[in-house]
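Taking it in order: structure first as structure tokens, then the write-up.
The values are calculated or read from the model by the stated rules, or taken from the named source; none is laboratory data. Just so we're clear, the structure is a prediction, and the values are computed from it rather than from any experiment. FYI the Cβ positions are ideal-geometry reconstructions off the backbone, even for glycines, and counts take in every protein chain you see. Side chains included, ligands, DNA and RNA excluded: accessible areas come from the protein's heavy atoms. Shrake-Rupley method; radii C 1.70, N 1.55, O 1.52, S 1.80 Å.
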Amino acid sequence: MIRLDQVSKSFKDTAAVKSVFFEVNEGENLILLGTSGCGKTTTLKMINRLIEPDEGKVTINGKNVANENPEILRRGIGYVMQNNGLFPHYTIGENIATVPQLLKWDKNKTQERTTELLSKLHLPADCISLFPHELSGGQQQRVGLARALVADPSVLLMDEPFGALDNVTRASIRKEFKALEELKRKTIVMVTHDVQEAFELADRICLMDKGEIIQIGTPQELLYHPINDFVNNFMESERITLEFKITTLKDLWNKLPDEQSSNAKTVDQQLSIWDTLNYFRSGVDKISFADDSGRQKSIDINTLNSAFISYQNLQQHG
Amino acid sequence: MDEPQQNLWQFMSEQSDKLLNQTFQHLGLTFISLFLAVAIGLPLGILIARKRKLSGSVLAVAGILQTIPSIALLGFMIPLLGIGAKPAIVALLIYALLPIIRNTYTGIVGISSEVKEAAKAMGMSEMQILLKVELPIAMPVILAGIRTATVINVGVATLASYIAAGGLGEFIFGGISLNNTNMILAGAIPAALLAIILDALLAVIQKMDFKKFRKFLYAFPIVFLILGAFYLLPKAYGSSLTAGFTPEFMGRQDGDLGLKKEYGLKIHTIVISDAVMYKAAYEKKLDVISGYSTDGRLKAFDLTILKDDKGIFPPYYAAPIVRESSLKKFPDLESVLNLLSGKITDSIMTDLNYRTDYLKQTPERVAKDFLIKNDLYKSPRGGKNGVIRIGSKIFGEQYILAEMYRMLIQGNTDYDVATKTGLGGTKICFDALTNDQIDFYPEYTGTGLLVLLKPDPKIFKSITHDKDSTYQYVSKQFSEQFKIKWLKPIGFNNSYALMMRRKQSKDLAVISITTLQQYLDKN
């Protein structure tokens, strides 16, 4: 759906992005990960032409963006930024209605869509007439997301969308973000420097350094098959957490014994090991879940542990 | 102290027509220039916010323009734009530019780059970003600039009366020249009130809610234009010739009032400063002016004096007037000052004035040349026996006289001299003398009589026919009332006179004030 073809960009004499190539499939969530100054934001901004590449071409749905009117192009691409970038002189309602206004939508349609988004994003309906500075940081960021989603663009670009929030707010918004139905259909390119965030939200991760792509792949691929030490070191300090977070019960199905228990808590097979462990910690003894064909398995903390260890061995060596 | 207050009120109600007219002119000047300044400054501010490289030089130029003294700026304008509304509006416009450009620039540059990027990323065009995001967010800052400019303009617009552009300055400067406190206050109080009220109004607008404000914004230029249009309203009268009189002349019995009363002269009159009047007449911007009979520019600009056939201009013999206390303190002073007595005739004075006004020689050089020629010059003794403070009014002749007295005192006595020249008008000069800020200055018998003593018309008539009786009268009254002594007259009579271009006077066969009045009645 989105394709960057040998795209390069220099600022004065410094090369910010060097011959970057990647493709993002429809509905996929690609995360550009890297330290600051690695070129990830520049790469992102070349997709909606906030920055024009020196070389190479960017296509969306097969169309070269360089041939399109940049304003029209941007109105069709959602954009969320780190410090929300809300217009201080517009109310929340007016902020959200920015793109519909540019697209000359009917007022009622805008109104309906705004109300819908506010409720989906857990924002109070009466905040519509408030000004951005009257909301909390987390709420402002949700408004920023609503503004990007209002015209239902098929592509969403996000530049460190949770970067300015405190850790608690950040975790809860991330959770909501994951659960948001509206986002599941969208092709998303997101920039972050937070490894956990990347692993939690990404379908694929594109790890960058000094303007170049070092490795691009699923979280599992990066974690278990890093192509070099740089990739390995990048994740090293958080490896255990990441492993628990990206592995789901479904992944462990084959390693778990066929046990059934009647008084177990039922969960979804997509639940991460991290979250499953949290259940056990909070006092649950047994957890049961079903696979795609409806077969049930029940586990306790010991069976989970041994299954996870043998899964890890398989990933690393098999 | 109730009486003067009442008098002010009386003066204001008597002159309410003029006052209203001047207030409207003042508002008009302020807002026309403000409107133009916004029309120029706002786009310029936006431009330099876009092209930051230009900002340094543009702001520097606007800043330099702002530092030019207002009177000087008005002076620069005359050769380019003549006199009247045009140069005044341009000068005010120049003063208003800096705050408007600077605040527009600062307002726009101060917007966070994230907000600008968000606007761009949402798909706004450059113009939409400017109109929907940058200008609305910068508006409180821009308005603060307009507010500053408004207050500056209300103040500077008082000076517009110097170049015949009207406004409340006519009363203020007329009052200063005429020693008429009520007249000064009648101009100064409304001017101050205008500044305060406009400032407060703009402060309210500045703090207004963004939303109400957006609609109000469109009304803004319209309001400015309407207020500006005030200026154009009171311009209905006219005559075939145009007179330019100084504010002082306008309010004097031996000036405009006498011309109306004794001659029945009805002429379209504008008020203008002495500094630019002669040139304006020469350049045919004016036809009749109220000059001084010994003014050097009479010769320089080839003007001719209209004969005062009904004798309304009393004699103006110049003589130094000195504090009696100073004469005691400096016993040698009187005899030194009298060295000049009888030495300068009308034609000599006109010639001396011509050298400074037209040949641009310094008053110092003119004074020295004259003293040397008349064997009066002696090298300064470098005296340390006390300091004598000489005052002078703000025109060339007074500078020359002050210089001559300085050289005479320094050459003939052991006193040192401090000159306080360029005191703006009779009242300021005279107040400086009575308040012991200066020891003496050259004054004219007619001025002493009319501006300072203000005798009733009977006495006035009885003494003004003859130069000696005028001198006797003022000298006696000054001694009794103010403890100030009139020394011996210097010799020349620098009286008021109506003047025209020599050629025009010939062409129209207007040689006296009576023939001027007859000509005006016919045409």
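Measuring with a 1.4 Å probe in the full set of protein chains, what accessible area per residue, in whole Å², belongs to chain A?
Accessible surface, normalised per residue, equals 46 Å².
Once phi is turned into ³J(HN,Hα) by the Karplus curve 6.51 cos²θ - 1.76 cosθ + 1.60 with θ = phi - 60°, what whole-Hz value does each residue of region B:313-326 show in order, with x for glycine and proline?
Result, rounded to whole Hz: 8, x, x, 10, 7, 8, 7, x, 10, 10, 5, 4, 5, 5.
Could you give the distance between the Cα centres of region A:111-159 and region B:416-453, to the whole Å?
Distance between centres, Cα-based: 75 Å.
Output wanted: per-residue J couplings in Hz (rounded whole) for region B:404-409, from phi through Karplus 6.51 cos²θ - 1.76 cosθ + 1.60, θ = phi - 60°, x for Gly and Pro.
After applying 6.51 cos²θ - 1.76 cosθ + 1.60, I find 4, 5, 4, 5, 5, 5 Hz.
Quickly rank A:38-48, B:127-137, B:72-82 as a protection proxy: mean count of other C-beta atoms within 10 Å, highest first.
A:38-48, B:127-137, B:72-82
Can you tell me which of B:273-280, A:70-77, A:176-183 comes out highest on packing, and rank the rest after it, using the mean Cβ neighbours within 10 Å?
Highest-to-lowest ranking by the protection proxy: B:273-280, A:70-77, A:176-183.
Which order do peptides B:375-381, B:312-318 fall in by mean Cβ count within 10 Å, highest first?
Averaged packing, sorted descending, gives the order B:312-318, B:375-381.
Quick one: what does P(r) look like for region A:247-316 with 10 Å bins over all Cα pairs, in whole %?
Result, from short to long distances: 21, 61, 18, 1 percent.
Label-point separation (nm) for B:Glu14 and B:Asp466, each offset 7 Å from Cα along Cα-to-Cβ?
It works out to 3.2 nm between the two label points.
If you find the alpha carbon centre of region B:359-398 and of region B:43-114, how far apart are they in angstrom?
42 Å
Size of the dipole of region A:247-316 about the Cα centre, Lys and Arg at +1 and Asp and Glu at -1 on the beta carbon, nothing else charged, in debye to 20?
So the dipole magnitude of region A:247-316 works out to roughly 80 debye.
Nearest 10 degrees is fine. How inclined is helix B:135-156 to the longest principal axis of chain B, computing both from alpha carbons?
10 degrees
Quick check: pseudo-label points 7 Å beyond the Cα along Cα→Cβ at B:Tyr358 and B:Lys503, how many nm apart are they?
Label-label distance for B:Tyr358 and B:Lys503, simple model: 1.5 nm.
Projecting each Cα onto the charge dipole of the protein assembly as shown (Lys/Arg +1, Asp/Glu -1 at the beta carbon, about the Cα centre), which of B:Pro136, B:Leu376, A:Ser272 comes out farthest on the positive side?
Going by the Cα projections, it comes out as B:Leu376.
Ordering A:Glu55, B:Glu262, A:Glu197 by how much accessible area each has at a 1.4 Å probe, largest first, what is the list?
Highest to lowest solvent-accessible surface, that is A:Glu55, B:Glu262, A:Glu197.
Charges at C-beta only: +1 for Lys and Arg, -1 for Asp and Glu. How large is the resulting dipole of chain A about its Cα centre, in Debye rounded to 20?
520 debye
Considering only B:Ser240, B:Gly28, B:Ala203, whose Cα is most displaced toward the positive end of the charge dipole of chain B, charges sitting on Cβ of Lys, Arg (+1) and Asp, Glu (-1)?
So the residue we want is B:Ala203.
Output the antiparallel fraction of DSSP beta bridges having both residues in region B:318-494, as a percent to the nearest 5.
55 percent
Mind listing the long-range amide H neighbours of B:Ile490? Cut-off is under 5 Å, sequence gap 5 or more, other chains count too, H placed in the peptide plane at 1.01 Å from N.
Counting only residues 5 or more places away or on other chains, the set is B:Ala318, B:Ala319, B:Gly342.
Please report the spacing between the Cα centers of region B:490-511 and region A:193-241 in Å, no decimals.
98 Å
With a bin width of 5 angstrom, please list the P(r) values of region B:230-352 as percents of all Cα-Cα pairs, from the 0 bin to the one holding the largest distance.
The distribution over region B:230-352 is 2, 9, 15, 17, 17, 12, 10, 8, 5, 3, 2, 1, given as percents.
How well do other chains shield peptide B:120-133, expressed as the mean number of their Cβ atoms within 10 Å of each residue Cβ?
Average neighbour count from other chains, rounded to a whole number: 6.
Give the residue from B:Thr181, B:Gly110, B:Ser273 lying farthest towards the positive end of the charge dipole for chain B; charges sit on Cβ (+1 for Lys and Arg, -1 for Asp and Glu) and the dipole is referred to the Cα centre.
So the residue furthest toward the plus end is B:Gly110.
Can you list the aspartates and glutamates whose alpha carbon is less than 20 Å from that of A:Lys286, not counting same-chain residues fewer than 8 positions off?
Straight-line reach from A:Lys286, under 20 Å: A:Asp251, A:Asp258, A:Glu259, A:Asp268, A:Asp275, A:Asp300.
Which ³J(HN,Hα) values in Hz, rounded to whole numbers, follow from the phi angles of region B:61-77 under the Karplus curve 6.51 cos²θ - 1.76 cosθ + 1.60, where θ = phi - 60° and Gly and Pro get x?
Couplings: 4, 4, x, 5, 4, 5, 7, 5, x, 4, 4, 4, 5, 4, x, 4, 6 Hz.
Where in chain A are the DSSP H helices whose alpha-carbon span along the long axis reaches 15 Å or more and whose Kyte-Doolittle mean is at least -1.0?
A:137-149, A:167-179, A:301-317
Give, rounded to the nearest 20 debye, the magnitude of the charge dipole that chain B has about its Cα centre when Lys and Arg contribute +1 at Cβ and Asp and Glu contribute -1 at Cβ.
That gives a dipole near 1360 debye.
Run the helix sum for chain A: -39,500 (n - 2.57) per DSSP H stretch of 4+ residues, divided by residue count, reported at 222 nm to the nearest 500 deg cm²/dmol.
It lands at -11000 deg cm²/dmol.
Compute the Cα gyration tensor for region B:318-494, then decide on rounded, prolate or oblate, letting a ≥ b ≥ c be the square roots of its eigenvalues: rounded whenever a/c is under 1.5, prolate when a/b is larger than b/c in the other cases, and oblate in all that remain.
Oblate, because a/c is 1.5 or more while a/b does not exceed b/c.
Shape verdict for chain A, please, from the Cα gyration tensor: rounded (a/c under 1.5), prolate (a/b greater than b/c) or oblate.
oblate
Leaving ligands, DNA and RNA out of it, report the carbon-plus-sulfur percent of the accessible area of region A:169-241 at a 1.4 Å probe.
Exposed carbon and sulfur together represent 50 percent of the surface.
If amide hydrogens are placed 1.01 Å from N in the peptide plane, which non-local residues have theirs closer than 5 Å to the one on B:Thr294?
B:Ser495
Heavy atoms only, probe 1.4 Å: what % of the accessible area of region B:8-232 goes to carbon and sulfur, would you let me know?
Here carbon and sulfur together make up 73 percent of the probe-accessible area.
Which entries in A:Lys12/B:Lys51; A:Lys184/A:Lys210; B:Lys420/B:Lys488; B:Lys393/B:Lys485; B:Lys420/B:Lys483; B:Lys368/B:Lys420 show an alpha-carbon gap greater than 27 Å?
Going by Cα-Cα distance, A:Lys184/A:Lys210 fall outside the 27 Å limit.
Return the value, in Å² to the nearest 100, of accessible area buried between chains B and A (probe 1.4 Å, both sides summed).
2000 Å²
Enter the mean number of other protein chain beta carbons within 10 Å of the beta carbon of each residue in A:71-80, as an integer.
Average per residue, whole number: 3.
What is the average number of partner chain Cβ atoms found within 10 Å of a Cβ in B:108-118?
Counting other chains' Cβ atoms within 10 Å and averaging over B:108-118 gives 4.
Return the aspartates and glutamates within reach of B:Lys266: Cα separation strictly under 19 angstrom, same-chain partners fewer than 8 residues apart disregarded; answer none if there are no such residues.
B:Asp17, B:Glu248, B:Asp254, B:Asp256, B:Asp287, B:Asp308, B:Asp309, B:Asp521
May I have the convex hull volume per residue, in Å³, for the Cα set of chain B?
185 Å³
Can you tell me the orientation of helix B:2-14 relative to chain B, as the angle in degrees between its alpha-carbon axis and the longest Cα principal axis, to the nearest 10?
So the helix axis and the longest Cα principal axis differ by about 70 degrees.
Long-range amide H contacts for B:Ile390: which residues qualify at under 5 Å (H placed 1.01 Å from N, peptide plane, sequence gap of 5 or more or a different chain)?
So B:Ile390 has HN proximity to B:Ala418, B:Thr419, B:Lys420, B:Asp439.
Just the number please: accessible area per residue for region B:318-428, 1.4 Å probe, all protein chains included, in Å².
Here the per-residue accessible area is 45 Å².
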